[in-house]
Amino acid sequence: MKKYLNTSKFLKYALILLLSPIYSGTLAQNSQILNNKIRKITDNKYNNLDKLYKYFHANPEVSFQEKNTSKRVANELKQLGFQVTENFGGYGVVGVYKNGNGPTIMVRADMDALPVKEQTGLPYASKKTTQDNLGKVVPVMHACGHDIHMSVMIGTAQTLIALKSSWKGTLLFIGQPAEERSGGAIAMLKQGLFEKFPRPDYVLSLHASASLEAGKVAYKTGPALANVDMVDIFVYGEGGHGAYPHTTKDPIVLASRIVMALQTIVSRVISPFEPAVVTVGAFHAGTKHNIISGEAHLQLTLRSYSDEVRNKTIAEIKRMIKHIAISAGMPKNKLPKMVLRDEYTPVTFNHVALTKRLKKVATDILGKQNTEDAKAVMAGEDFGRFGRTKANIPICLFWLGTVDPAKVAQYKKAGKQLPSLHSAFFAPVPEKSIKTGVQTLTASVIDLLNNK
């Protein structure tokens, strides 16, 4: 009997080994058929996406003012059959599309633009101006690629609906406001994004790259974008006549000491194995040559990849400014004041297993030559908040190439730096960028829906 069981087990394993190549080959063939369908649909729908992209690009709106942009995003989703909620968390848009039982996948695109005067010379360049939050008239431009992001999201929605017989589950498509001011994601979460709508099993997004060639994508596991904090330091003194400095306590000298001391935080306090940035971006003080001011104002940005380093940096700044002021003879009621702004952006931590999986999906549809590993950057993205809720949902943001390959080669040959994100000269190549984004994101969503 024992001998019979062993023989039966052997035959079972032998059969599995014989059938495995056939099964694997069938899966690969089915995947290739699906990828071909995705490419074909993307090509067929591109003309409308091109018009949509150029509308977004020519009609940008800054953070907290995305009224018309959000209305256009909402209308595009409604036309596809999504149940749409508008003005959620500000001008946020939430679209839900249910297609049977299965996982829920969230795709997010940010919608806001920047107060930058466009200098690309494009025929559809922005000529818009608006009033900022201080009432000042400023030019507006999509200098960070959010127009690409929205176009890719709508194209992905179109392609998924066209292929709805190939997947089951729920789509949660988000138009997020105020990414540039780090307020949109947290506003949508506070209003109940994951409670009032189907809670996603995975959350995906992409970001335009100003250095990667159009047609390519890049992935970074773990920390991909940094913690970002904005800090104000108010340094007090005792003002007076510039000819009698001995009768004053000069806040400019004191603030200068603070600026120099802050440079030692990264080099002497934070471990050399932990990346961190402490930058003093602005120093305001005084009104006239011969007047010693009574106050100075420093504006800082802090960057890190871990909560531990972030908290240590903030604590060290508080310690330094207090004791430097004491050493200068400042009384307790005139010690510097530190204000940590609420525009905090947490680290974007790409779920390791999810990111590796999505990179493989991208390789299958785009080819190995068009799929790269990315390095972490010190820029910030409030997309990271979607992965820091109690639900601990796996998230992934990947980079989408947007630069003309000929331009990349030209600048490299000349030893010049390409226009960066937030530059007045940032000009993505629309067709190749959008098609690559739609194909990659569509294939990624379908893979997650069918193989949770």
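For this structure, a couple of remarks:
- The range 282-419: C-alpha gyration tensor shape, a/c 1.5 cut-off, then a/b vs b/c: oblate
- For a straight C-alpha distance cut-off of 16 angstrom, the aspartates and glutamates reachable from Lys413 (same-chain residues fewer than eight places away being disregarded) are Glu213, Asp404.
- Which of Leu189, Ala125, Gln32, positive extreme of dipole for the chain (C-beta unit charges): Gln32
- Gyration tensor (alpha-carbon) shape descriptor, the range 45-174, a/c threshold 1.5: prolate
- Put simply, the convex hull of the Cα atoms in the range 130-218 casts, on average, a shadow of 8.4 nm².
- For the chain, the fraction of 1.4 Å probe accessible surface lying on carbon and sulfur atoms is 54 percent.
- Under the criterion of Cα pairs below 8 Å and six or more residues apart, the relative contact order for the chain equals 22 percent.
- For the range 137-251, the relative contact order is 20 percent, taking Cα pairs closer than 8 Å that sit 6 or more residues apart in sequence and dividing their mean separation by the residue count.
- Selection from Asn350, Ala328, Thr371, by position along the positive dipole direction of the range 325-372 (Cβ): Ala328
- In sequence order, calculated HN-Hα J values of the range 414-423 (Karplus, 6.51, -1.76, 1.60; Hz; x Gly/Pro): 7, x, 9, 8, 5, x, 8, 4, 6, 7
- Helix content alone sets the calculated 222 nm mean residue ellipticity of the chain: runs of n ≥ 4 DSSP H residues at -39500 (n - 2.57) each, divided across all residues, give -13500 deg cm²/dmol.
- Chymotrypsin sites (Phe, Trp or Tyr not before Pro) lying in DSSP loop within the range 390-442, provided at most 15 other Cβ fall within 10 Å: Phe425
- Charged-residue dipole, Cβ positions (Lys, Arg, Asp, Glu), the chain about Cα centre, Debye nearest 20: 1340
- When the convex hull of its Cα atoms is viewed from all sides, the range 91-158 shows a mean projected area of 6.2 nm².
- Under the Karplus curve 6.51 cos²θ - 1.76 cosθ + 1.60, θ = phi - 60°, whole-Hz ³J(HN,Hα) for the range 253-258, x wherever Gly or Pro sits: 5, 5, 5, 5, 4, 5
- Angle in degrees between helix 307-327 and the longest Cα principal axis of the chain, rounded to the nearest 10: 0
- Cα gyration tensor shape for the range 369-418, rounded if a/c is under 1.5, else prolate or oblate: prolate
- The magnitude of the dipole of the range 161-260, with charges of +1 and -1 set on the Cβ of Lys/Arg and Asp/Glu and taken from the Cα centre, is near 520 debye.
- HN-Hα J in Hz across the range 125-134 - Karplus 6.51, -1.76, 1.60, θ = phi - 60°, x for Gly and Pro: 4, 6, 10, 6, 10, 7, 8, 7, 5, 9
- Lys, Arg +1 and Asp, Glu -1 on Cβ, resulting dipole of the range 107-160 about Cα centre, debye, nearest 20: 140
The values are calculated or read from the model by the stated rules, or taken from the named source; none is laboratory data. Since we're looking at a predicted model, the values are computed, not measured. Glycine also receives a Cβ, built like all others from the backbone with ideal geometry; neighbour counts cover every protein chain displayed. Ligands, DNA and RNA are stripped out before the accessible areas are found, and what is left, the full protein with its side chains, is counted by its heavy atoms. Shrake-Rupley method; radii C 1.70, N 1.55, O 1.52, S 1.80 Å.
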